[in-house]
Amino acid sequence: MKNKNLPSSSFWRDKKVFLTGHTGFKGAWLSIWLDAMGAEVTGYALKPPTKPSLFELCRVDRSVKSLIADIRDAGRLQKAVLAARPEIVIHMAAQPIVRQSYKDPRETYETNVMGTVNLLEAVRNCGTVRAVVNVTTDKCYENKEHLRGYKEDEPMGGYDPYSSSKACSELVTAAYRNSFFNPKSYRASCRSSSPLILQSSNPPVLQCAHHVALASARAGNVIGGGDWAADRLIPDIIRAALKGDKVLIRNPRAIRPWQHVLEPLSGYLVLAEKLYKRGPGYAQAWNFGPDAGDAKDVEWIAERMFSAWPEAPGYALDKGLHPHEAHYLKLDSAKARRELGWAPRWRIGQAIDKIIEWTLAYQNSLDMRDVTLGQIKEYIAISHRL
């Protein structure tokens, strides 16, 4: 299948983007990509969550306006959004780790739920924003251990605090879209809060005209070079291998929708462009998951990593007690393929090879910004050949 919908450098050039979570793994990759396309990025996040970090290794603070602040600080966040005057907002700031959410559920809910509220309130008070993408997770669905992939219209849920908090973030997004950014009151040229009566509602509802298209995006288990997060499989393997230790793996039969970080990022960028250009037609929830064949169990991933990295010492099963995690999870991304023209490009084997390539470059003290940009260029190049 030829994919025509890659992120467009001509579209992103000089666009003002407000990106929360830019110091994290996914946020740093996205910052680098946006900068390479010529976007004017303001990042808002806590300090990098790990040491080392992709953010620091790739000198992201030199290419974006970096604000180190807490998404839970509503006043400071609103001031930052108003000062940046963004056209596009991508919300990625989060407490992203399932096991951490068991340790500190309050922080998880405050960050993932009220952080979303704070951001959308800031958007409401900023007249320049045209498109908003709230990035959540595949774990937002009520997991019934289906063998099929979950579709965007299935119920939200969450066994653990992290998954639940992300389901809540999705519900907050839907409520703000219905109440304040309703597609029926969208006016592309709107410059004021002009009252409109939505006659299609019963009874009719008074809302203000607006020019904000709001969507949410759900990705799978995102992997890639530069991830040092705690309690995640690939970073655990890399840390152990770099030290010459065996890695302990939990839940070896648990199946996840693994995908290289550039896969969902390309989806977010394509979606944001559609929201900006065509508004309410794309103001929905979207899945960006891998091909069905790339939903692999944990042990398969570990064996594939070590087969491609022969110097690594291997793994052993962690037989300790662990908090509950879903056994089977998979996304159905048919809507994104059909309506956005988006599709994954790198299969799981290629993704793992790229992670090892990136890690070996790090071991050899190469310039990691150049390495990261090189992988982005490879990803774009292979996409043009598909």
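The values are calculated or read from the model by the stated rules, or taken from the named source; none is laboratory data. Values in this document were obtained by computation on a predicted structure and should not be read as measured data. Ideal geometry is used to build each Cβ from the backbone, glycine not excepted, and the neighbour counts take in all protein chains shown.
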Failed item, numbered, when Phe55 is tested on (1) touching a residue at least 40 places away in the same chain (Cβ under 8 Å); (2) of a type outside the set (A, V, I, L, M); (3) buried (at least 23 other Cβ atoms within 10 Å of the Cβ)
(1)
Boolean, Val98 is at pLDDT below 95, under 19 Å from Ala229 (Cβ atoms) and of a type in the set (A, V, I, L, M)
yes
Residues in the stretch 73-92: is at least one at pLDDT 95 or above, under 23 Å from Thr372 (Cβ atoms) and surrounded by fewer than 16 Cβ atoms within 10 Å (Cβ to Cβ)?
no
Just to be sure, is Tyr379 assigned to a helix (DSSP H, G or I), among the aromatic types (Phe, Trp, Tyr) and touching a Lys or Arg at 6+ places or on another chain (Cβ under 7 Å)?
yes
Screening Gly149, Gly158, Gly127 for residues that are of a type outside the set (Phe, Trp, Tyr), at pLDDT below 95 and out of contact with any Ser or Thr (no Cβ under 8 Å at 6 or more places or on another chain) leaves only Gly127
Which one of these is at pLDDT below 95 and out of contact with any Cys (no Cβ under 7 Å at 6 or more places or on another chain): Asp370, Asp291?
Asp291
Is one or more of the residues making up the stretch 105-116 surrounded by fewer than 24 Cβ atoms within 10 Å (Cβ to Cβ) and either in contact with a Ser or Thr (Cβ under 6 Å, 6 or more places away or on another chain) or on the phi > 0 side of the Ramachandran plot (or both)?
yes
Are there any pairs with C-beta distances below 9 angstrom linking a residue in the stretch 118-130 that is under 22 Å from Ala94 (Cα atoms) and among the basic types (Lys, Arg) to a residue that is at pLDDT 95 or above and in a helix (DSSP H, G or I), with the two at least 6 apart or on different chains, and if so which?
Arg124/Tyr176
How many residues of the stretch 108-152 are farther than 21 Å from Pro86 by Cβ and in a loop (DSSP other than H, G, I, E, B)? The answer is 11
Among the residues of the stretch 249-282, how many are surrounded by fewer than 22 Cβ atoms within 10 Å (Cβ to Cβ) and small (Gly, Ala, Ser)?
3
